[in-house]
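Working notes, structure below.
Just so it is clear, none of the values below were taken in a lab; they were calculated from the coordinates. Given the structure is predicted, the values throughout are model-derived calculations rather than measurements. Here Cβ is always computed from backbone atoms with ideal geometry, including for glycine, and neighbour counts include all displayed protein chains.
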Ligand code: SF4
């Protein structure tokens with residue numbers, strides 16, 4: 001039986017670092033470069049959204065794929081892996 005992408009993603013386990021986000025957005029750079037639309041478009045986990053003219057990152061759902069880093073102009077985004085013990089654990093089956 002085949003499964004959908006959302007069903008597969010739901011198997012993953014996330015340990016949220018409530019003290020520190022591993023994603024920091026420079027709002028000014030995002031506005032100046034229009035990076036927000038690209039971030040929203042490419043993230044497979046729907047981490048990014050726009051609200052009241054700002055780009056927000058719901059980092060708890062990050063799959064740590066690095067795609068946003070590939071499209072973000074310099075200075076618009078600071079991204080690093082979550083601290084040890086936090087972040088995503090992928091599960092099969
Ligand atoms: Fe989204 Fe991947 Fe960037 Fe995480 S690393 S915010 S999942 S594009």
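Could you tell me the relative contact order of the chain? Use alpha-carbon pairs under 8 Å, at least six residues apart, and round to a whole percent.
Values: 124 pairs, mean separation 40.4, N = 93.
Once divided by the residue count of the chain, the mean separation gives 43 percent.
What is the Cα radius of gyration of region 5-81 over 2.2 N^0.38 Å, N being its residue count? Let's see the in-between values first.
Working: Rg = 12.4 Å, N = 77, 2.2 N^0.38 = 11.5 Å.
So region 5-81 has a normalised radius of gyration of 1.08.
If packing is taken as the mean number of other Cβ atoms within 10 Å per residue, what is the order of 8-17, 68-77, highest first? Spell out each step's value before the answer.
On the way: 8-17: 12.8, 68-77: 16.2.
Highest-to-lowest ranking by the protection proxy: 68-77, 8-17.
For a Förster distance of 30 Å, can you work out the FRET efficiency between the beta-carbons of residue 24 and residue 89, rounded to the nearest 0.05?
Numbers: r = 23 Å, r/R0 = 0.77.
Result of the calculation: an efficiency of 0.85.
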